[in-house]
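Student: Pasting a structure here, questions to come.
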Amino acid sequence: MCGIVGAVLSEGAVLEGLLDGLRALEYRGYDSAGVAVGIEGGVSIRRQAGRLESLEQALADGALDGARIGIGHTRWATHGPPTEINAHPHTDAGGRVALVHNGIIENYLELREELCEEGVEFVSDTDTEVLAQLVGRYLGRGGDLAAAVRATLARVRGYYAIAALAIDGDGDTLVCARQGPPLCLGIVAGGAHLASDPLALVRHTREVVFLEDGDVAVLRPGSCEVTDGSGGAVERPAVLLEIDAEQAGRGSYPHFMLKEIHEQPDVLARTAFDRIDEVGGEVRFVEEGWEVERLRAIERVQLLACGTARYACQVAAFQLEGLAGVPAEVDYASEFRYRSPCLSPDTLALAISQSGETADTLAALRLARELGARAGAICNVPESTLVREADCFLMTCAGPEIGVASTKAFVSQIVTSYLLAVAVGRARGTLDPERVRGLLADLRLLRPRLAQLLSRETQERIAAIAERHHDVKGFLFLGRGIHYPVALEGALKLKEISYMHAEGYPAGEMKHGPIALIEPGMTTVVIANKGPLAEKVRSNLEQVRARGGQVICVGSDPGSLALADETIEVPQATPWLAPVLSVAPLQLLAYEIALRRGCDIDKPRNLAKSVTVE
Ligand code: M6R
């Protein structure tokens, strides 16, 4: 939540670069935005409620164009509504310090009270303003900004990534610090940049330094000094990013979500194909901690995640139980962290997360480890907190996912958990090499089928269906077995980006209540594939039709397709991977409906890409 950027240059101007960086980070929050620059011996601030465009308009007068040092912020409100007053940067009472923040200051009320007693007047509702006021207090006249930031952070409980600039004393210095949310630096000749996400740095450099918790960094043009909380120097080597500016853009697609849906066949290949040995009948992970003895020792898997990643966990549970014969349980990370689960050392607690920064997921995995389980992760961001904290991890290779609605990450998670289930099954002897060879061949076949499914023809068909259904009363998504989580995901996609009411249900559960919703004007999406449950799904579909409900059938079962009002035929696949195919049309359906409803597809209201608060 919230994106922060900063830059200091020896020559030239920072403003355009700050705005570019904020554009790349807007997925992190987009209810207000602001910048602060050091110019003409003072700190100048511009902030606006609403999208970045409003800020760009407010800056169009050119008054801040010459600044060589500045910070910027794009907000997802936590404390106080998304108004201009609550937008970042915040300043101290003297207006000498400007500060941007991502995270939560837990003891801000007591600090605020203390400052109020000293006569400080607060103008915003935010926890961040406390930080700005404290830095101002510790800075004194001509003081050392880094020392003032360290003194401030010593008073603070919570988690944060911050960046500050001050006018007297360190006129050409930016100070930033991290405790929790990510922060990275890019140092170039004559300049230094900071950002919440390397995506905002790739246009300056691909060599990036990731700060660790407790680090405070001082940035000057061409240099950066990283210290710990007491000012002692620490070494943080630069990492060469694999992403480039092109991957971070949306190319010729109108939305990131559509681009990311169409990237899925390649994502599948990147995630899977280097890890499979079809001849030997083996899965090979380059990541450490998945050696055969380790895999054999797994007696139970506790899957933990939020949102879409949690639905991937539900698919993973089917794969682990069905292929490896290992009991697998799924919980919402936000629920798990507040119950008293029973775990043992032979339990693999496996967190799945695209960002690796989801607060509930991190807390749940920490708890699982405290309770004795081994902490594993499936994650898309190598530098994330989740990957750094896990005992063992598997990377998904989805590349940057910018659209707030997760799509390609889901597919890469399902493919990774499939590989894990096959590897565990092989290690435990549940699967023999012959069977593994077959399962890996199934995986190989999936890519062309997914590519075929994502053809222009399918998209046009789905667009036509969306045209007829974009203003219905509501949607019910039904699926059975491994397709039940796909039904949940279809409903989540639709509500996230089109704001229509949609519910996902196990198809067999419909008659126990949700059937009361069925009437003309209510659309039911049924996932119906060939297989042992096909007949049962067909009869659920008939029950909907008998009550006047409209049915969109997505799947490979000809009997169900013949009964439906609208059909999206999906190629057949092995049941353990079939969700990869059945989810793609649901993603496109949500997209096409949202488009027709005029919604902001990549930045749906009230959401943010990674939820780093509770
Ligand atoms: O980064 P994570 O995978 O941990 O995020 C989990 C959820 O917040 C995320 O999947 C969310 O539900 C998406 N907006 C779904 O499209």
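Student: Considering only the range 348-378, state which residues are among the acidic types (Asp, Glu) and touching a Leu at 6+ places or on another chain (Cβ under 8 Å).
Tutor: Scanning the range 348-378 gives a single hit, Glu357.
Student: Of the numbered conditions (1) surrounded by 21 or more Cβ atoms within 10 Å (Cβ to Cβ); (2) assigned to a strand (DSSP E or B), Pro182 fails exactly one; give the number of that condition.
Tutor: It is condition (2) that Pro182 fails.
Student: Kindly indicate which of Glu16, Glu106, Glu113 is under 28 Å from the mean Cα position of the chain (by Cα) and at pLDDT 95 or above.
Tutor: Details: Glu106 fails: at pLDDT 95 or above; Glu113 fails: under 28 Å from the mean Cα position of the chain (by Cα).
On inspection, the qualifying residue turns out to be Glu16.
Student: Return only the number of the condition from (1) farther than 16 Å from Val415 by Cα; (2) touching a residue at least 60 places away in the same chain (Cβ under 8 Å); (3) within 16 Å of the ligand (Cβ to nearest atom) that Gly356 does not satisfy.
Tutor: Evaluating Gly356 over (1) farther than 16 Å from Val415 by Cα; (2) touching a residue at least 60 places away in the same chain (Cβ under 8 Å); (3) within 16 Å of the ligand (Cβ to nearest atom) leaves (2) as the failure.
Student: Surrounded by fewer than 22 Cβ atoms within 10 Å (Cβ to Cβ), within 16 Å of the ligand (Cβ to nearest atom) and closer than 18 Å to Phe393 by Cα: which single residue out of Ala363, Ala349 fits that description?
Tutor: Details: Ala349 fails: surrounded by fewer than 22 Cβ atoms within 10 Å (Cβ to Cβ).
So the residue among Ala363, Ala349 that is surrounded by fewer than 22 Cβ atoms within 10 Å (Cβ to Cβ), within 16 Å of the ligand (Cβ to nearest atom) and closer than 18 Å to Phe393 by Cα is Ala363.
Student: If Ala562 meets every condition in (1) within 22 Å of Tyr311 (Cα to Cα); (2) open to solvent by 30 Å² or more (accessible area, probe 1.4 Å); (3) not charged (D, E, K, R) apart from one, which number is that one?
Tutor: With (1) within 22 Å of Tyr311 (Cα to Cα); (2) open to solvent by 30 Å² or more (accessible area, probe 1.4 Å); (3) not charged (D, E, K, R) applied to Ala562, the lone miss is (1).
Student: Check the range 74-81 and report whether any residue there is over 15 Å from Asp31 (Cβ atoms) and out of contact with any helix residue (DSSP H, G or I) (no Cβ under 8 Å at 6 or more places or on another chain). Spell out how you get there, then give the answer.
Tutor: Taking the range 74-81 and keeping what is over 15 Å from Asp31 (Cβ atoms), we get none.
Checking the range 74-81: not a single residue is over 15 Å from Asp31 (Cβ atoms) and out of contact with any helix residue (DSSP H, G or I) (no Cβ under 8 Å at 6 or more places or on another chain).
Student: Next question, about the same structure. I'd like the residue in the range 105-123 that is among the β-branched types (Val, Ile, Thr) and surrounded by 17 or more Cβ atoms within 10 Å (Cβ to Cβ) and, out of all such residues, is farthest from Gly136 (Cα to Cα).
Tutor: If we take residues in the range 105-123 being among the β-branched types (Val, Ile, Thr) and surrounded by 17 or more Cβ atoms within 10 Å (Cβ to Cβ), then Ile105 is farthest from Gly136 (Cα to Cα).
Student: Quick one: Ala132 ticks every box in (1) farther than 18 Å from Gly34 by Cα; (2) assigned to a helix (DSSP H, G or I) except a single one, so which number is it?
Tutor: (1)
Student: If a residue has to be of a type in the set (A, V, I, L, M, F, W, C) and either assigned to a loop (DSSP other than H, G, I, E, B) or farther than 15 Å from Leu165 by Cβ (or both) to count, how many in the range 96-129 make the cut?
Tutor: Residues in the range 96-129 being of a type in the set (A, V, I, L, M, F, W, C) and either assigned to a loop (DSSP other than H, G, I, E, B) or farther than 15 Å from Leu165 by Cβ (or both): 9 in total.
Student: Would you check which residues across the range 318-346 are assigned to a helix (DSSP H, G or I), open to solvent by less than 10 Å² (accessible area, probe 1.4 Å) and away from the ligand (no atom under 14 Å from the Cβ) and list them?
Tutor: Gln319, Leu320, Leu323, Ala324, listed by residue number.
Student: Strands (runs of 3 or more DSSP E) wholly in the range 496-614 with at least 2 residues that are more than 16 Å from the ligand (Cβ to nearest atom), among the charged types (D, E, K, R) and at pLDDT 95 or above - which ones?
Tutor: 566-569
The values are calculated or read from the model by the stated rules, or taken from the named source; none is laboratory data. Predicted, not measured: the structure shown is a model, and the values here were computed from it. Using ideal geometry, Cβ is built from the backbone for each residue, glycine included, and neighbour counts are taken over all protein chains shown. Protein only, heavy atoms only, side chains kept; ligands, DNA and RNA dropped before computing areas. Shrake-Rupley method; radii C 1.70, N 1.55, O 1.52, S 1.80 Å.
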